[in-house]
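Below is one structure, written out as structure tokens; comments come after it.
The values are calculated or read from the model by the stated rules, or taken from the named source; none is laboratory data. Model, not experiment: these values are computed from the prediction. Methodologically, a virtual Cβ is constructed for each residue, glycine included, from the backbone with ideal geometry; neighbour enumeration extends over all protein chains shown. Heads up: the accessible areas ignore ligands, DNA and RNA and are worked out on the full protein's heavy atoms, side chains in. Shrake-Rupley method; radii C 1.70, N 1.55, O 1.52, S 1.80 Å.
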Amino acid sequence: PRIEFKYLNGEFQQQNKDIALTAIGTLIKSHSIKISKNQIERGIKKAKWPARMQLISKNILIDAAHNPDGFKMLASELKSIIKNKKIKNLIFVVGIQNDKNIHLMLKTINPLISAIIFTKSKNPKAAVPAYLLDIFKKISKNKKINRKTINNPKKALSYAKKIAGKNGLVVVAGSVYLAGEMI
């Protein structure tokens, strides 16, 4: 049966749920576990994963994407959101750890960006926003994209909200640490 997540957004979350259901089915068949259909449904309906495609307000989305694969998934989900919700502007608030493939991550979201604000979490491995901006300038030749650095994540989010407009969506991504500080 198709069981929908109540609190988890994104098609990949539905895929993860389907994989989990397949694994549970296999374990039941092999008599490794004994679990009722009702218990499975209750568990799935209660599942929560903070900072995964989490809307914290009408136009602010937090995603803990923190590596190239996460950014590919995020970009895919955002393309769907833009189409379905008629989003005009995507304003990114991005902070990335130094040990990540920053270039590839930024390149993945570049086609979607209306504006980007670079910030940093309190984690000591967080890349300096000016460094992120330098990398982005090498990737994006589009001078129309509003680019800014604001070290304080809350101030970066506040600025992003101001420039998003009525039909804009603010997307916070790049680090689990940053996502945690924003929720």
Problem set entry | Rounded Å value of the spacing that divides the Cα centres of region 106-130 and region 23-74 | 26
For this session: Taking the Cβ of Asn59 as the centre, find all other residues whose Cβ is under 10 Å away and add up their charges (Lys, Arg: +1; Asp, Glu: -1).
Result: +4
For this session: Per DSSP H run of n ≥ 4, the term is -39500 (n - 2.57); total these for the chain, divide by its residue number, and report the mean residue ellipticity at 222 nm rounded to 500 deg cm²/dmol.
Result: -14500 deg cm²/dmol
Seminar exercise, completed: Expressed to one decimal in nm², the mean projection of the alpha carbon convex hull of region 36-108 is 6.8
Exercise. Against the longest principal axis of the chain, how steep is helix 37-46, in degrees 0 to 90 to the nearest 10, with axes from Cα atoms?
Worked result: 20
Problem set entry | Protection proxy ranking of 169-177, 147-155 - average other beta-carbon atoms within 10 Å, highest first | 169-177, 147-155
Exercise. Listed highest first by mean packing, meaning other Cβ atoms within 10 Å per residue, what order do 18-30, 76-88 come in?
Worked result: 76-88, 18-30
Exercise. Which entries in the list Lys83/Lys138; Lys58/Lys137; Lys125/Lys148; Lys138/Lys161; Lys107/Lys143 go over 18 Å, if you measure between the two C-alpha atoms of each?
Worked result: Lys83/Lys138; Lys58/Lys137; Lys125/Lys148; Lys138/Lys161
Problem set entry | Cα gyration tensor shape of the chain, rounded if a/c is under 1.5, else prolate or oblate by comparing a/b with b/c | prolate
Problem set entry | Accessible carbon and sulfur surface of the chain relative to its total accessible area, %, 1.4 Å | 54
Exercise. To the nearest 0.05, what FRET efficiency results for Lys125 and Asp69 with a Förster distance of 22 Å applied to their C-beta separation?
Worked result: 0.70
Problem set entry | DSSP bridge pairs, the chain: antiparallel proportion in percent, nearest 5 | 20
Exercise. If you add up the charges near Gln39, with Lys and Arg at +1 and Asp and Glu at -1, over every other residue whose beta carbon is less than 12 angstrom from its beta carbon, what do you get?
Worked result: +4
Problem set entry | Probe 1.4 Å, protein heavy atoms only - accessible area per residue of region 40-164 in square angstrom | 55
Exercise. For labels at Arg147 and Lys166 in the simple 7 Å Cα→Cβ model, what's the distance in nm?
Worked result: 3.1
